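The structure appears below as structure tokens.
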């Protein structure tokens with residue numbers, strides 16, 4: 001494998017990592033700040049993709065679709081919070097897992113009833129439809145560069161909100177000691193509701209951004225949810241910075257592992273066995289990395305101090 | 001799938017009064033309805049295929065006034081949820097409680113593997129309208145089992161032959177890392193004589209193909225061959241087009257079809273597929289099927305629908321031939337094997353292993369005048385093709 005190809009693969013890895021970060025950011029906020037396990041985060045991502053695709057088709061514009069998805073997913077997140085999640089904050093993790101799993105079943109079935117079972121598509125906007133030639137015969141789609149930029153901007157915005165604003169301060173304080181913040185006269189319930197709605201909106205944004213390159217179909221969030229949990233566990237639960245670093249790490253390990261493992265295995269095995277063993281090893285790789293990191297840092301790379 | 005979601009248990013189209021179902025066989029006279037269990041996945045990411053399969057059968061029944069050979073029919077839709085254990089439980093219930101006369105349908109081979117023994121050991125005919133694994137085509141052939149689709153290996157080998165005919169020398173192969181994927185690669189290579197520049201196996205949960213696309217660009221093959229069913233194929237096709245690789249011919253099986261084309265759209269234009277049927281086939285039976293299907297369900301039918309529609313007409317011809325009497329299994333089996341019906345594919349007959357002997361076509365994705373996308377026939381690649389396993393089948397003459 002030559003250097004150009006390796007660089008291209010590294011870029012691909014970073015880009016996949018950014019996409020993972022967009023999903024994991026909302027998850028780590030809700031999990032870390034509210035100590036709430038929200039398995040339904042993946043379906044909120046799916047909902048963002050569906051709403052984005054539908055609204056883009058209705059308005060005839062990708063940009064309106066994306067823009068309208070944000071308030072729509074925010075509203076839906078708040079509705080879910082009001083109907084289901086707020087009754088679970090005091091309960092243990094098992095109840096939360098069961099209830100949010102129920103939400104997954106309900107919404108996966110729901111989108112099927114509303115949108116049908118066939119996958120949908122969201123067109124790439126005209127402005128971003130081209131590509132940049134990065135190596136012979138291969139275009140790097142402009143839209144993927146847009147995802148990179150959107151991910152970095154989201155990371156910056158989140159950092160600013162959590163570290164530099166009054167609401168962010170309250171959120172961090174609430175995470176450390178909710179009863180104390182409440183005693184100081186802050187409506188902690190409303191704060192949590194805001195965090196939750198914001199997390200849902202982030203997931204929806206990620207879904208709408210991913211819709212032009214990935215298939216929009218029922219259950220599309222389920223695979224990504226597992227990776228998102230890997231990311232937040234490696235990064236340290238509740239840490240946005242950790243989620244960012246871990247998402248890039250997972251994206252890189254996943255992509256480079258997939259492209260190099262079969263070649264690596266060929267040093268030891270005959271080609272056909274190497275291909276299959278390599279493929280199997282590559283899909284295990286991120287979990288091996290996660291296990292290794294947790295062995296040395298059980299609370300993740302950037303644990304949140306309590 | 002790593003993250004299987006158990007779906008709601010539900011039975012659609014339940015029989016009206018369950019009390020009657022346990023009635024003794026005496027009551028099941030000629031006037032009693034024929035019960036058909038239609039196994040079609042209705043939940044999970046692959047539900048679109050099950051919907052196609054169900055709608056194809058339903059259209060056939062509608063055109064037949066909901067009768068098979070003059071006897072009224074009751075169709076019980078069984079959602080296998082793409083979980084073999086669930087499929088077995090529900091199919092057993094259909095056999096023992098509902099006493100179905102036929103089991104029809106089944107999209108996926110692993111579901112078929114799970115239900116074939118319970119169904120055939122109960123002396124019930126099983127008509128697969130999609131899954132056609134090699135397991136039951138050769139030594140494992142079964143007098144109670146028919147399929148109106150094909151043997152999976154045939155479809156992949158059609159693409160191998162097409163690549164060979166086109167004079168491609170260097171081909172890149174890519175597939176998900178599971179049994180059907182490995183079978184696809186073997187099927188392709190059974191007829192392709194050129195060089196395989198690389199063979200890539202991706203996880204079934206793959207979302208982003210950019211690593212593989214970079215590899216394809218660096219190897220510059222004459223063509224790629226892939227088997228990427230469902231959402232995997234949607235992702236691959238769109239990303240392949242976006243990466244500017246579409247100048248490398250895209251040969252595929254079960255990757256671009258009418259079930260995925262609405263989501264792939266223009267990205268799939270000009271990509272190749274292989275099948276024994278396409279919506280544009282020009283014969284009166286097919287024209288009527290496609291136009292009435294689209295009028296009824298408002299989407300373009302895929303092979304899943306066409307093969308189920310054929311199964312409805314096949315069973316109609318068989319029940320008529322035996323005069324509505326389903327109790328003589330040997331006569332019924334001979335009547336099904338006669339395949340005395342007009343298939344949407346044109347010529348159709350069953351081989352010794354009760355798999356079809358039929359033509360296979362190279363297909364290409366095209367845009368129709370109304371803006372919708374469909375696969376269209378390019379040329380016939382294999383004629384009256386018998387699957388490679390039929391020779392190993394020792395089919396008993398009588399049941």
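The values are calculated or read from the model by the stated rules, or taken from the named source; none is laboratory data. Just so it is clear, the structure is predicted and the values come from calculations on it, not from any experiment. Neighbour counts are summed over all protein chains in view; Cβ atoms, including those assigned to glycine, are modelled from backbone coordinates with ideal geometry.
Observations, loosely collected:
- Residue count, the stretch B:236-263 (criterion: within 7 Å of chain A (Cβ to nearest Cβ), surrounded by 24 or more Cβ atoms within 10 Å (Cβ to Cβ) and either in a helix (DSSP H, G or I) or free of Cβ contacts under 8 Å to residues at least 12 places away in the same chain (or both)): 3
- Any chance residue B:132 is under 22 Å from residue B:335 (Cβ atoms), within 19 Å of the chain's Cα centre (by Cα) and at pLDDT 95 or above: no
- The stretch B:46-121 holds helices (runs of 4 or more DSSP H) entirely within its bounds, and those carrying 2 or more residues that are within 14 Å of another protein chain (Cβ to nearest Cβ) and touching a residue at least 24 places away in the same chain (Cβ under 8 Å) map to B:47-63.
- Yes/no for residue B:205 being surrounded by fewer than 21 Cβ atoms within 10 Å (Cβ to Cβ), more than 14 Å from chain A (Cβ to nearest Cβ) and farther than 20 Å from residue B:361 by Cβ: no
- Only one of the numbered conditions (1) surrounded by 14 or more Cβ atoms within 10 Å (Cβ to Cβ); (2) modelled with pLDDT of 50 or more is violated by residue B:30, and that is (1).
Each row is one residue, and each column tells you yes or no for (1) closer than 30 Å to residue B:74 by Cα; (2) assigned by TED's automatic domain parsing to the domain that holds residue B:160; (3) not in a loop (DSSP other than H, G, I, E, B).
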| residue | (1), (2), (3) |
| --- | --- |
| B:318 | yes, no, yes |
| B:334 | yes, no, yes |
| B:366 | no, yes, yes |
| B:369 | no, yes, no |
| B:376 | no, yes, yes |
| B:379 | no, yes, yes |
| B:396 | no, no, no |
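- Counting only helices (runs of 4 or more DSSP H) that fall entirely inside the stretch A:1-101 and contain at least 1 residues that are in contact (Cβ under 8 Å) with a residue 12 or more places away in the chain, within 12 Å of chain B (Cβ to nearest Cβ) and more than 23 Å from residue A:251 (Cβ to Cβ), the qualifying elements are A:41-59.
- Looking only at residues of the stretch B:214-235 that are in contact with a helix residue (DSSP H, G or I) (Cβ under 9 Å, 6 or more places away or on another chain), in a helix (DSSP H, G or I) and more than 7 Å from chain A (Cβ to nearest Cβ), we find that the one that is surrounded by the most Cβ atoms within 10 Å (Cβ to Cβ) is B:233.
- Single condition residue B:177 does not satisfy, out of (1) more than 23 Å from residue A:141 (Cβ to Cβ); (2) touching a residue at least 60 places away in the same chain (Cβ under 8 Å); (3) at the interface with another protein chain (Cβ under 9 Å from one of its Cβ atoms): (2)
- Scope the stretch A:261-273; condition more than 9 Å from every other protein chain (Cβ to nearest Cβ) and within 30 Å of residue A:231 (Cα to Cα); matching residues: A:261, A:263, A:264, A:265, A:266
- Restricting attention to the stretch B:373-399, the residues being surrounded by fewer than 16 Cβ atoms within 10 Å (Cβ to Cβ) and in contact with a helix residue (DSSP H, G or I) (Cβ under 8 Å, 6 or more places away or on another chain) number 2.
- Identity of the residue in the stretch A:112-122, out of contact with any strand residue (DSSP E or B) (no Cβ under 9 Å at 6 or more places or on another chain) and either more than 7 Å from every other protein chain (Cβ to nearest Cβ) or in a loop (DSSP other than H, G, I, E, B) (or both), that ends up farthest from residue B:242 (Cα to Cα): A:113
- Lone unmet requirement of (1) buried (at least 21 other Cβ atoms within 10 Å of the Cβ); (2) more than 23 Å from the chain's Cα centre (by Cα); (3) at pLDDT 95 or above for residue B:195: (1)
- Matching residues in the stretch A:225-272 - criterion: being assigned to a loop (DSSP other than H, G, I, E, B) and free of Cβ contacts under 8 Å to residues at least 40 places away in the same chain: A:266, A:267, A:268, A:269, A:270
- Given (1) within 14 Å of chain B (Cβ to nearest Cβ); (2) modelled with pLDDT of 90 or more; (3) within 26 Å of residue A:123 (Cβ to Cβ), number of the condition residue A:230 does not satisfy: (3)
- Residue match in the stretch A:274-290 (condition: away from chain B (no Cβ under 12 Å), in contact with a helix residue (DSSP H, G or I) (Cβ under 6 Å, 6 or more places away or on another chain), over 20 Å from residue A:167 (Cα atoms) and touching a residue at least 12 places away in the same chain (Cβ under 8 Å)): yes
- Hey, residue B:183 within 14 Å of chain A (Cβ to nearest Cβ), under 21 Å from the mean Cα position of the chain (by Cα), closer than 30 Å to residue A:226 by Cβ and modelled with pLDDT under 95 or not: yes
Residues checked against (1) surrounded by fewer than 20 Cβ atoms within 10 Å (Cβ to Cβ); (2) part of a helix (DSSP H, G or I); (3) in contact with a helix residue (DSSP H, G or I) (Cβ under 6 Å, 6 or more places away or on another chain):
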{"residue": "A:124", "(1), (2), (3)": "no, no, yes"}
{"residue": "A:132", "(1), (2), (3)": "yes, no, no"}
{"residue": "A:159", "(1), (2), (3)": "yes, yes, no"}
{"residue": "A:172", "(1), (2), (3)": "yes, yes, no"}
{"residue": "A:191", "(1), (2), (3)": "no, yes, yes"}
{"residue": "A:195", "(1), (2), (3)": "no, yes, yes"}
{"residue": "A:198", "(1), (2), (3)": "no, yes, no"}
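- Among residues of the stretch A:210-224, those that are modelled with pLDDT of 85 or more, assigned to a helix (DSSP H, G or I) and closer than 20 Å to residue A:12 by Cα, counted: 2
- Subset tally (residues that are crowded, with 24+ Cβ neighbours inside 10 Å and in a helix (DSSP H, G or I)) for the stretch B:268-292: 2
- Restricting the stretch A:200-213 to residues that are more than 14 Å from chain B (Cβ to nearest Cβ) and crowded, with 24+ Cβ neighbours inside 10 Å, the residue that is nearest to residue A:84 (Cα to Cα) is A:200.
- Residue pairs meeting the criteria (Cβ under 8 Å; at least 6 apart or on separate chains; first more than 22 Å from residue A:2 (Cβ to Cβ) and away from chain B (no Cβ under 11 Å), in the stretch A:126-149; second modelled with pLDDT under 85 and loosely packed, with under 15 Cβ neighbours inside 10 Å): none
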